[in-house]
Amino acid sequence: MSATGPAVLLDVRALSKRFGDREVLRELSLNISAGELVAFLGANGSGKSTTLSAVNGLIEADAGDITIAGITLNQASARRRAEARRTAATVFQKIHLVGRRSVLDNVCAGGFSRIAWWRSIPPLFGRALREEAMACLERVGLADRAHDRAGKLSGGQQQRVAIARALCQRPRLILADEPVSALDPHAAEDVLALLQNLAVEEGLGVAAVLHQPDLARRFAHRIIGLRDGRLCFDLPTDRVSDTQIEELYR
Ligand SMILES: Nc1ncnc2c1ncn2[C@@H]1O[C@H](COP(=O)(O)OP(=O)(O)OP(=O)(O)O)[C@@H](O)[C@H]1O
């Protein structure tokens, strides 16, 4: 925390993106600070995933600036850009674990950017990486499943493993794109409670695209509402009215 408040980990300014003749993001500006979970709500096609994809580098925006942990991507050297991108770890709805490998091996994959390529084969993972991966599993409450095959775990547990893998990247920011859409209500609550805890207890910034306004209300500190690629509102959760949320989906 600086003298002026929590560190801004993500600052997006006037981000615009077109796919063909369709304007998907229209001068979108927002930020996320350390210690907060920010939910993104909006109807299908409103630009939520495109926003996160521009931040994590899966797509390139047409205009605007993205600053991650103080590094403005389009002004930085390739090395600094890579450093900024490592600071932001992404968790997807589709979990993409290697089901036949152990939970621990899957989590180790989060640390691959820090190790020599020839060490990224499970028998060659170093002890330090395995210990760090185990610590990440402890943070998500799954250390006791470290040696099980990942494919044996429930959907909710697998998403927690994916979060542990993201943590093994040593991020300051987690970008979660529909992290609970494939989960039952109980597992969804567990995953959001975990993401909230990582924000509050560990000071990470968390951006979570959600399709469940009720979960956003319960777990997010702030809600950003998008409609047709524009910001509709960006408010602390307790100041968002039901009408504002309904209007997003009309
Ligand atoms: N790679 C792409 N090529 C062409 N159009 C795309 C591409 N990615 C997204 N779009 C379009 O951009 C618009 C915004 O998509 P985006 O996935 O960001 O919306 P969203 O708010 O996340 O929606 P959803 O809730 O359905 O996931 C949609 O109309 C989508 O079809």
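Throughout, read-outs are computed from the coordinates displayed, never taken from laboratory work. Note that the coordinates shown come from a computational prediction; the quantities given were computed from them, not determined experimentally. Because the Cβ atoms are built from the backbone with ideal geometry, glycine has one as well, and the counts that use them run over all protein chains shown.
Taking the range 19-37 as the range and being surrounded by fewer than 18 Cβ atoms within 10 Å (Cβ to Cβ) and part of a loop (DSSP other than H, G, I, E, B) as the test, the residues that pass are 20, 21.
Of the residues that sit in the range 1-16 and are among the β-branched types (Val, Ile, Thr) and in a strand (DSSP E or B), which one is nearest to the ligand (Cβ to nearest atom)? Applying the filter and picking the extreme gives 12.
Checking each residue in the range 32-48 for being away from the ligand (no atom under 16 Å from the Cβ) and either farther than 16 Å from residue 237 by Cβ or more than 15 Å from the chain's Cα centre (by Cα) (or both) picks out only 34. Scanning the range 205-249 for residues that are free of Cβ contacts under 8 Å to residues at least 40 places away in the same chain, loosely packed, with under 15 Cβ neighbours inside 10 Å and not acidic (Asp, Glu) yields a count of 6.
Out of the residues in the range 56-72 that are assigned to a strand (DSSP E or B) and aliphatic (A, V, I, L, M), which is surrounded by the fewest Cβ atoms within 10 Å (Cβ to Cβ)?
63
Screening residue 181 against (1) surrounded by fewer than 18 Cβ atoms within 10 Å (Cβ to Cβ); (2) more than 16 Å from the ligand (Cβ to nearest atom); (3) in contact (Cβ under 8 Å) with a residue 40 or more places away in the chain leaves a single unmet condition, (2).
A quick yes/no check of all residues on (1) over 18 Å from residue 32 (Cβ atoms); (2) within 16 Å of the ligand (Cβ to nearest atom); (3) among the aliphatic types (A, V, I, L, M); (4) surrounded by fewer than 24 Cβ atoms within 10 Å (Cβ to Cβ):
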site	(1), (2), (3), (4)
162	yes, no, yes, no
170	no, no, no, yes
191	yes, no, yes, no
197	no, no, no, yes
200	no, no, yes, yes
203	no, no, no, yes
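The lone criterion from (1) out of contact with any strand residue (DSSP E or B) (no Cβ under 7 Å at 6 or more places or on another chain); (2) hydroxyl-bearing (Ser, Thr, Tyr); (3) in a loop (DSSP other than H, G, I, E, B) left unmet by residue 53 is number (3).
Would you mention how many residues in the range 212-226 are within 16 Å of residue 11 (Cα to Cα) and either more than 16 Å from the chain's Cα centre (by Cα) or within 16 Å of the ligand (Cβ to nearest atom) (or both)?
2
Selection over the range 17-31 of residues that are without any contact (Cβ under 8 Å) to a residue 60 or more places away in the chain and within 14 Å of the ligand (Cβ to nearest atom) gives a count of 5. Being within 16 Å of the ligand (Cβ to nearest atom), within 19 Å of the chain's Cα centre (by Cα) and either within 14 Å of residue 177 (Cα to Cα) or not polar (S, T, N, Q) (or both), is that true of even one residue in the range 73-83? The answer is no; no qualifying residue exists. Residue count for the range 73-91 satisfying the condition of being in contact (Cβ under 8 Å) with a residue 60 or more places away in the chain and surrounded by fewer than 18 Cβ atoms within 10 Å (Cβ to Cβ): 1.
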